[in-house]
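Take a look at the structure below.
The values are calculated or read from the model by the stated rules, or taken from the named source; none is laboratory data. Owing to the predicted nature of the structure, the values given are computational and were not obtained by experimental measurement. Neighbour counts run over all protein chains shown; Cβ positions are idealised from the backbone, glycine included.
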Protein chains: 2
Amino acid sequence: MCAAPAKTSDADIVAAARAVIAARGLDALSLQQVAAAVGIKTPSLYKRFDDRAALLAAVQDDVLLELARVLGDAAASGSTPQDGLHAMGRSYRAFAATHARLYPLLFGSSEPSPAARAAIAPVMTALIALLGAPLALPAARTLTAFLHGFVTMELSGNFQMGGSIDDAFDFGLDAVMRGIGAHIMRTVS
Amino acid sequence: MCAAPAKTSDADIVAAARAVIAARGLDALSLQQVAAAVGIKTPSLYKRFDDRAALLAAVQDDVLLELARVLGDAAASGSTPQDGLHAMGRSYRAFAATHARLYPLLFGSSEPSPAARAAIAPVMTALIALLGAPLALPAARTLTAFLHGFVTMELSGNFQMGGSIDDAFDFGLDAVMRGIGAHIMRTVS
DNA sequence: ACCTGAACACCGTTCAAGT
DNA sequence: ACCTGAACACCGTTCAAGT
């Protein structure tokens, strides 16, 4: 029933694709390189992944799961929800810097994935503890929008007016955290 | 000296490329389509633009100049710097929604362009008036990071947890504005 | 069941040749 | 000066054929 033994595996292919993207960027990824890296020919990839987009989605999941672990660790490192959120914000930026060429992949596709849910879960948990359920969702969107926007612009070189980008991030993270907190103060009073 | 009269112009080519991207998206753009739209053959494009990237940069400039005008109008519509900034934030999101498939082009390249400077100029002016020069730069980066991140995630369909995205944007813009203001209050006191 | 060679329709880009 | 035909080196994808 198995005349041709498998030369590789789904996980090997994902790892090879991830390595190519990490080294040369998403645009430079070709299925030929991935196939060659795992020792098969290009058409064989289609036995395991529907198309290029499906392979990229698998790599995206792989990276998102790693991000979820990093953010979970950061959340656990804080003694208060505020501390945890601050640590997650800093870890997020550090993760993006470490995986600069992988990062654009994270927001490429739009289908809801368990990996994406896992990545935002610790943020939601901390915000629910801090602000309560009704405000946690818009607050999470505000925080993730800031983090994603900042990191994207930083990695793309879009901060071109000089000054310290580290300082801008610290300023911005503080401002967003305070803005979120100020809002609950005002609506509660 | 001019044996072959020009069938088209740089501006025509940029307009055609912009129209294709607006209709079908950046990934679907091919130089063949652009050339056909202006009535020439593909290789002729290389007499006017170095390569595909140069053409995209020209389209990016075209869109950025339009954005600069929209933001300038919004800034002028506010009677206070705060009002102007709020209006710019809302106009920015509206601009992105109207030009959804063009928007990803704006943050693609990283070379500093006069058009990009023109687009952020009204934001910087309002923030200098509001916070003073030293804080204006990190505040501008915080605000633009939030706006760009929010709009990117919204357009990519990355807000997948239900709830009103309009409400989240209003909440977030208020929070960021308040966070920026709160910071100056604290450092000034 | 997994892999491959060959083919298809497309890309961006170059360049000698036309007018 | 501007345009074109032909060619080049690449893509992603399909499919019949091998084992």
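Tell me, which residue of the range A:107-140 that is of a type in the set (A, V, I, L, M, F, W, C) and within 9 Å of chain B (Cβ to nearest Cβ) is surrounded by the most Cβ atoms within 10 Å (Cβ to Cβ)? Across the range A:107-140, the extreme among qualifying residues is A:ALA139. Of B:ASP174, B:ASP167, all but one fail to be free of Cβ contacts under 8 Å to residues at least 40 places away in the same chain, surrounded by 16 or more Cβ atoms within 10 Å (Cβ to Cβ) and over 30 Å from B:ALA17 (Cβ atoms); the exception is B:ASP174. Kindly indicate the residue of the range B:2-22 that is small (Gly, Ala, Ser) and modelled with pLDDT of 95 or more and also nearest to DNA strand C (Cβ to nearest atom) among those meeting that condition. Across the range B:2-22, the extreme among qualifying residues is B:ALA17. Does A:ALA100 satisfy being over 20 Å from B:LEU147 (Cα atoms), among the aliphatic types (A, V, I, L, M) and outside any helix (DSSP H, G or I)? For A:ALA100, the condition - over 20 Å from B:LEU147 (Cα atoms), among the aliphatic types (A, V, I, L, M) and outside any helix (DSSP H, G or I) - is met.
Going through (1) closer than 19 Å to A:ILE180 by Cβ; (2) more than 7 Å from chain A (Cβ to nearest Cβ) one by one, B:MET161 falls short only on (2).
Taken together, B:LEU29, B:LEU102, B:LEU56 contain a single residue that is closer than 21 Å to B:PHE169 by Cβ and surrounded by 14 or more Cβ atoms within 10 Å (Cβ to Cβ), which is B:LEU102. Candidates B:LEU67, B:LEU71, B:LEU143, B:LEU147: the one that is within 8 Å of chain A (Cβ to nearest Cβ), crowded, with 21+ Cβ neighbours inside 10 Å, touching a residue at least 12 places away in the same chain (Cβ under 8 Å) and assigned to a helix (DSSP H, G or I) is B:LEU147. Do we find that B:GLY25 is at positive phi and either within 14 Å of another protein chain (Cβ to nearest Cβ) or within 11 Å of DNA strand C (Cβ to nearest atom) (or both) in this structure? In short, yes.
I'd like the full set of residues that are in contact (Cβ under 8 Å) with a residue 40 or more places away in the chain and out of contact with any His (no Cβ under 7 Å at 6 or more places or on another chain), limited to the range B:44-64. Those that are in contact (Cβ under 8 Å) with a residue 40 or more places away in the chain and out of contact with any His (no Cβ under 7 Å at 6 or more places or on another chain): B:ALA53, B:LEU55, B:LEU56, B:ALA57, B:ALA58, B:VAL59, B:GLN60, B:ASP61, B:ASP62, B:LEU64. Residue selection: A:SER79 fails the criterion of being over 18 Å from B:PHE159 (Cα atoms), more than 8 Å from chain B (Cβ to nearest Cβ), among the hydroxyl-bearing types (Ser, Thr, Tyr) and assigned to a helix (DSSP H, G or I).
With respect to B:VAL34, determine if the residue is more than 9 Å from DNA strand C (Cβ to nearest atom), of a type in the set (Val, Ile, Thr) and either modelled with pLDDT of 95 or more or crowded, with 17+ Cβ neighbours inside 10 Å (or both). Spelling it out, it is not the case that B:VAL34 is more than 9 Å from DNA strand C (Cβ to nearest atom), of a type in the set (Val, Ile, Thr) and either modelled with pLDDT of 95 or more or crowded, with 17+ Cβ neighbours inside 10 Å (or both). Within the range A:41-52, not a single residue is within 18 Å of A:LEU102 (Cβ to Cβ), over 23 Å from the mean Cα position of the chain (by Cα), more than 11 Å from DNA strand C (Cβ to nearest atom) and surrounded by 13 or more Cβ atoms within 10 Å (Cβ to Cβ).
Can you find a residue in the range B:131-150 that is closer than 21 Å to A:PRO112 by Cβ, at pLDDT below 95, aliphatic (A, V, I, L, M) and not assigned by TED's automatic domain parsing to the domain that holds B:ALA23? No, the conditions are met nowhere in the range B:131-150. Scanning the range A:18-61 for residues that are within 13 Å of DNA strand D (Cβ to nearest atom), of a type in the set (Gly, Ala, Ser) and assigned to a loop (DSSP other than H, G, I, E, B) turns up A:GLY25, A:ALA28, A:SER30.
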